[in-house]
Amino acid sequence: MDKDQGRHKEMVRGKLKGYSMRRTGGILITGFETFGEVKLNPSEMLAREFAQMPELRGLPLNTAVLPTVFEKACNRITALLDKYTPALLLSLGVAPGPSIRLERLALNWRETRQADNSGVTDGGSDLICGAPAAYWSALKGRSEILEALHAAGIPAAFSNSAGSYVCNAVMYSALHHTASCNMPTSCAFVHIPRLPQDVAALDPDRQAQQSSMPLELSRRAIEIILSLL
Ligand code: PCA
């Protein structure tokens, strides 16, 4: 076990007691800062838009933009969960592809040739040694959410893998933390497509391989998902 994983375990152990004493409830929405070739991250933009709303469905709403850095993002999400103990965590990230992706599975695995924003790459390793291989998210079995998105004319699909980069790491950390600490939080993760203006800034050969979705449509999708979660 490396130092960070040891620290994480310590933190989890230290937090096992005390949740019954805390005020619970509310919604936490997170996005990610830009990274690599993504110069505009729609997940960050949506998190900032939601930050203008003090509440949602009558529940307190908190938002955060996470660094696209493995260690910092995972530490931040567990700290935010501890701080707010939300009823619902909806994490957003951007991913290449034409549709909204409802992520139902987080893997205990990190593997990337693309460096995170602190320069970290990984040939493949457990996120947390000794922890379960995977966790289901709150989106598992929620086909009515998919149907509602399709009825609104929004391309969407379930996804069984959030990848092995920072989004999966944050999703896994949140699910592991809430499970280990018995927190009353539903954790969902949604990947949204890149923005048209971000793709249009790529060189022409690259543009031909990339799809995108206007922010308005991604926002509508997230509103629908939030209304049903
Ligand atoms: N997407 C990346 C990390 C940050 C983001 O918005 C991912 O899918 O892992």
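A short reminder: the numbers here are calculations on the coordinates, not readings from a lab. All values reported here derive from a predicted model rather than from experimental measurement. All Cβ positions, even for glycine, are placed from backbone atoms using ideal geometry, and neighbour counts span all protein chains on display.
The HN-Hα couplings worked out from phi for region 125-140 by the Karplus form 6.51 cos²θ - 1.76 cosθ + 1.60 (θ = phi - 60°) are 7, 5, 6, 9, 4, x, 7, x, 5, 7, 10, 6, 9, 5, 8, 4 Hz, whole numbers, x standing for Gly and Pro. Under 5 Å from the amide H of S186 lie the amide H atoms of L88, L89, each residue being 5 or more positions distant or on a separate chain, with H modelled from the backbone and absent for Pro and chain starts. DSSP finds beta bridges in the chain, and of those with both partners inside it, around 35 percent are antiparallel. Under the criterion of Cα pairs below 8 Å and six or more residues apart, the relative contact order for the chain equals 26 percent. Built from the Cα atoms of the chain, the convex hull projects on average onto 12.3 nm², one quarter of its surface area.
Under 5 Å between amide hydrogens, built in the peptide plane, is the criterion, and for S211 it picks out G97 among residues at least 5 positions away or on other chains. Quick one: in region 87-140, what % of C-alpha pairs are over 12 Å apart? The proportion of pairs with Cα distances above 12 Å equals 75 percent. Taking only the C-alpha atoms of region 102-229, Rg followed by Dmax gives 16.4, 49 Å.
The slack between T121 and N160, meaning 0.36 nm per residue of separation minus the straight C-alpha distance, is 11.8 nm. A crude spin-label estimate for the pair E71 and L40, with each label 7 Å from Cα along the Cβ direction, gives 3.4 nm. Computed from Cα atoms alone, the Kirkwood hydrodynamic radius reported for region 19-87 is 12.9 Å. Rounded to the nearest 5, the antiparallel percentage of DSSP beta bridges internal to region 96-189 is 60%. Residue-wise HN-Hα couplings along region 69-75, as the Karplus relation 6.51 cos²θ - 1.76 cosθ + 1.60 with θ = phi - 60° gives them from phi, are 9, 3, 5, 5, 5, 5, 5 Hz; Gly and Pro carry x. Residues considered: S43, S118, S212. Largest GNM mean-square fluctuation over the chain, using C-alpha springs under 10 Å, is found at S118.
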